[in-house]
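Let me begin by presenting the structure, written as C-alpha cells, before commenting on it.
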Amino acid sequence: MAESLIFNRESSRDERYRALTPQVKSLFAGETDFIANAANLAALMHEAFGFHWVGFYIVKGEELVLGPFQGPIACTRIAKGRGVCGTAWARAETVLVPNVEEFPGHIACSALSKSELVIPVKHPLHGVMAVLDIDSAQLDDFNDADVSHLSEWVRLLEEASHG
Ligand code: SME
C-alpha cells in the first residue's frame, strides 16, 4: 500500500476522482476488514476534497452507530428513518440534500453543515449494513458526478469487504 495519495490539488473534483479511483482499489487490496477499509476511505475523501465531515454510520439493530470518520465530533446514534442518514438507510437508497435546512428532520450535528450526501453501503445478503455520510460547509455542493464516483467507491468498499 502506498504511504500517501497522489493527485493534483489544483485539479477539478472530477479529475481528482479519476486520479484516485485506482488508489482506492490499491488501498483495499488484500484487506477484507470493513472498518479498516472504511477508515482509510474516509481519510482519502477528507484529504482529497476537504469535506467538512465525512464518514460512516454502521447499522446495529434498529440504530445507526457512529463509525470511522474524519471531521468534528458527531452524534453517535441515529434511529432508522431519522435525519438524512436514517432516511437513506430506511429507503436503502442514496439521498442528496442540496440545502439541509429544507430537509425535514435533518439532524444538525454541526451548524456548519449546509449540504449533504448519504450513500447506503450494502451487504449482498443482509441489505444496508452502513451508510457513507458526507457533509459540506457549502450549499448545493454535490452533483450527479459526485454521486456516481462516490457510489463507485462505495461499491469497491462493499466488494473488498465481503470477498
Ligand atoms: N447530518 C446527519 C447526521 C450525522 S452528522 O451530520 C455527522 C443526518 O441528518 O443524518
Scan of the range 73-83 for residues that are buried (at least 18 other Cβ atoms within 10 Å of the Cβ) and in contact with a helix residue (DSSP H, G or I) (Cβ under 8 Å, 6 or more places away or on another chain), ordered by number
Ile78
When the range 50-72 is checked residue by residue, the ones that are over 10 Å from the mean Cα position of the chain (by Cα) and open to solvent by 30 Å² or more (accessible area, probe 1.4 Å) are Gly50, His52, Val59, Lys60, Gly61, Glu62, Glu63, Leu66, Gln70, Gly71, Pro72
Can we say Val84 is touching a Ser or Thr at 6+ places or on another chain (Cβ under 7 Å) and either in a strand (DSSP E or B) or closer than 20 Å to Ser136 by Cβ (or both)?
no
Between residues in the range 5-25 that are touching a residue at least 40 places away in the same chain (Cβ under 8 Å) and residues that are surrounded by fewer than 13 Cβ atoms within 10 Å (Cβ to Cβ) and in a helix (DSSP H, G or I), which pairs lie under 6 Å by C-beta distance while being six or more apart or on different chains?
Asp14/Ala145
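The values are calculated or read from the model by the stated rules, or taken from the named source; none is laboratory data. Fair warning: this is a prediction, and the values are worked out from it, not measured in the lab. As a convention, Cβ positions derive from the backbone with ideal geometry for all residues, glycine included, and neighbour counts pool all protein chains shown. The area values use the complete protein model at the heavy-atom level, side chains included, leaving out ligands, DNA and RNA. Shrake-Rupley method; radii C 1.70, N 1.55, O 1.52, S 1.80 Å.
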